[in-house]
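Every read-out reported here was derived from the displayed coordinates using simple, explicitly stated rules and does not represent laboratory data. All values reported here derive from a predicted model rather than from experimental measurement. No Cβ is skipped: glycine too gets one built from the backbone with ideal geometry, and neighbour counts run over all protein chains shown.
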Amino acid sequence: MQRFMISGNPLSTVNTKWLMRYIRRIRLLFLNWMNKIPAIFLNRYVITILSLFLWLLILDETDLFTLHKYRSHLTELKEEKIHLESKVIEVKESLEALSNNPKELERFAREHHYMKRADEDLFVIVEE
């Protein structure tokens, strides 16, 4: 009966006959499993193409999940851009009204900067 050492340890010896039967059994299980796979999937070109698709769809830096996240973020940014453009239009209209109408300019200065005329007193009431 042949024996050999595993990892150089003389205490851990394995029966060679048992090991060969175990390896043969694993090999048969693997071959049975391989026989269940259609032959087209065992072609090296198909394996290469499938691995490329796997790489592009899941493993790459710009995979499908990342692209979806970028597109949703882009949609949010476009909505924000539309909102800010409408704000810009409102501010331009307000600026035009302030520069053309002196009463509007006075109202704005009183409301936002608490300005007053020389003969007036200004009281600011703060609600708690």
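A few remarks follow.
- Of the residues Met34, Met115, the one with the fewest other Cβ atoms within 10 Å heads the list, and the complete ranking is Met34, Met115.
- Relative to the longest principal axis of the Cα atoms of the chain, helix 16-36 runs at roughly 50 degrees.
- Full extension of the chain segment joining Thr62 with Arg27 gains 8.7 nm, where the gain is 0.36 nm per residue of separation less the Cα-Cα distance.
- When you restrict to C-alpha pairs under 8 Å that are six or more residues apart and normalise by the size of the chain, the relative contact order lands at 7 percent.
- Rg/Rg_globular for the chain, with Rg_globular taken as 2.2 N^0.38 Å and Rg from C-alpha atoms: 2.84
- Charge dipole magnitude, Cβ of K and R +1, D and E -1 - the chain, Cα centre, debye nearest 20: 2640
- Considering helices alone, the calculated mean residue ellipticity of the chain at 222 nm is -22000 deg cm²/dmol, with DSSP H runs of length four and up weighted by -39500 (n - 2.57) and normalised per residue.
- Inter-label distance for His83 and Leu122, nm, one decimal - labels placed 7 Å from Cα along Cα-to-Cβ: 3.2
- Cβ charges +1 (Lys, Arg) and -1 (Asp, Glu), total dipole of the range 38-106, debye: 500
- Sorted peptide list for 96-108, 80-92, criterion being average Cβ within 10 angstrom, highest first: 96-108, 80-92
- Dipole-positive endmost among Thr75, Leu52, Leu95 within the range 40-128 (Cβ charges, Cα centre): Leu52
- Contour minus Cα-Cα distance for Lys92 and His73 (0.36 nm per residue): 4.0 nm
- Spacing of the modelled spin labels on Tyr45 and Leu19, each 7 Å from Cα toward Cβ, amounts to 4.2 nm.
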